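Shown next, in structure tokens, is the structure this report addresses.
The values are calculated or read from the model by the stated rules, or taken from the named source; none is laboratory data. Every value quoted in this text rests on a predicted model; they were computed, and no experiment measured them. All Cβ positions, glycine included, derive from the backbone under ideal geometry; neighbour counts span all protein chains shown. The accessibility values were calculated without ligands, DNA or RNA, using every heavy atom of the protein model including side chains. Shrake-Rupley method; radii C 1.70, N 1.55, O 1.52, S 1.80 Å.
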Amino acid sequence: MADDVAIDTMLERLGFGHPEARGPARAALEEAGLTHAGKQRIHRAKEVSCEETLRGRYAVSCGRSGCVAALAGDSRPRLPPSGPSDCEVCRGSDNRAATAELLQALAGRGVRKVVVVGGSPAAREEIQRLLAPAGLKLRLVDGTARRTGDQARGDLAWADLVVVWGGTELDHKVSTLYTDGRPRHVVSASRRGIAAVADAVLRHLAGGSARLPRGGRGA
Ligand SMILES: [Zn+2]
């Protein structure tokens with residue numbers, strides 16, 4: 001294997017290969033002294049330093065609303081990605097983009113404690129994996145197991161937001177414990193997939209009917 005690599009090839013690999021990104025990325029590397037004007041190739045050993053320099057200098061975003069929102073507080077200028085998987089927020093994943101948008105919306109409303117009722121075990125696991133690292137406190141309720149009225153009331157009192165996730169693995173007997181009386185902080189999502197949950201919650205928050213979190217709940 002050659003000790004050096006074409007700079008353009010390296011930029012492509014690092015996610016800075018978009019025609020609009022290449023120039024600024026190259027300039028940043030020259031500024032950092034990692035290469036010089038006119039050079040076509042670079043030593044492979046410099047690739048790690050190049051990546052650090054570029055990531056510190058620019059944010060690579062696909063421009064989807066969730067990804068834009070996730071970078072709202074980030075002062076780095078944006079560059080378009082080489083390919084969808086180069087977006088540093090979503091890595092090309094619809095679920096991650098939807099999650100990013102959801103997390104922004106929840107943070108904006110001060111929502112920290114979320115109960116999700118229903119969904120398959122795998123879907124609940126995914127919710128846990130995507131949302132828990134962002135600092136949300138989660139209670140994931142198996143929609144097919146017995147739940148008492150007291151437990152449901154406890155969940156409703158604890159949560160800033162309750163998502164009743166129909167469409168899969170949710171018994172009517174369980175869901176009505178949460179939806180009876182239409183508490184204002186309860187959202188129903190009727191389709192599978194975390195993107196559907198994000199969509200339902202975003203609509204709910206945008207509707208302004210919920211004065212979330214504390215103090216604004218229905219009776
Ligand atoms: Zn993205």
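General remarks:
- For W158, the solvent-accessible surface with a 1.4 Å probe is about 60 Å², rounded to the nearest 10.
- Compared with the alpha-carbon gap, the fully stretched path from H36 to D199 is longer by 53.9 nm at 0.36 nm per residue.
- Karplus (6.51, -1.76, 1.60) ³J(HN,Hα), θ = phi - 60°, over the range 78-93, in Hz, Gly and Pro reported as x: 8, 10, x, x, 4, x, x, 6, 8, 4, 6, 8, 9, 6, x, 8
- Residues T9, T53, T168 ordered from highest to lowest accessible area at a 1.4 Å probe: T9, T53, T168.
- Residues whose amide H lies under 5 Å from that of C87, counting only those 5 or more places away or on a different chain, are G92; hydrogens are built 1.01 Å from N in the peptide plane.
- Treating each Cα of the chain as one equal point scatterer and applying the Debye formula with no solvent, the log10 of I(q)/I(0) at q = 0.08, 0.12, 0.14, 0.16 Å⁻¹ comes out as -0.41, -0.70, -0.83, -0.97.
- Spatially proximal lysines relative to K173 (Cα-Cα < 29 Å; intrachain offsets below 8 disregarded): K113, K137
- Amide proton proximity set for V163, modelled H, under 5 Å, gap of 5+: V115, V116, V117, V187
- Cα-centre dipole for the chain with unit charges at Cβ (Lys and Arg positive, Asp and Glu negative), debye to 20: 920
- For the range 4-86, the ratio of Cα radius of gyration to the globular rule of thumb 2.2 N^0.38 Å stands at 1.08.
- Extension reserve of the N95-D171 stretch, reckoned as 0.36 nm per residue once the Cα distance is removed: 24.8 nm
- Solvent exposure, largest accessible area first (probe 1.4 Å, DNA, RNA and ligands not counted), of V68, V48, V141: V48, V68, V141
- A 1.4 Å probe run over the chain, with the rest of the protein chains in place, finds 51 Å² accessible per residue.
- Candidate residues R124, R184: accessible-area rank, largest first, probe 1.4 Å: R184, R124
- Stokes-Einstein diffusion coefficient of the range 94-207, Kirkwood radius over Cα pairs, 4 °C, 1.567 mPa s, in µm²/s: 94
- Note on W158 and R112: the model spin-label points, each 7 Å out from Cα along the C-beta direction, lie 1.5 nm apart.
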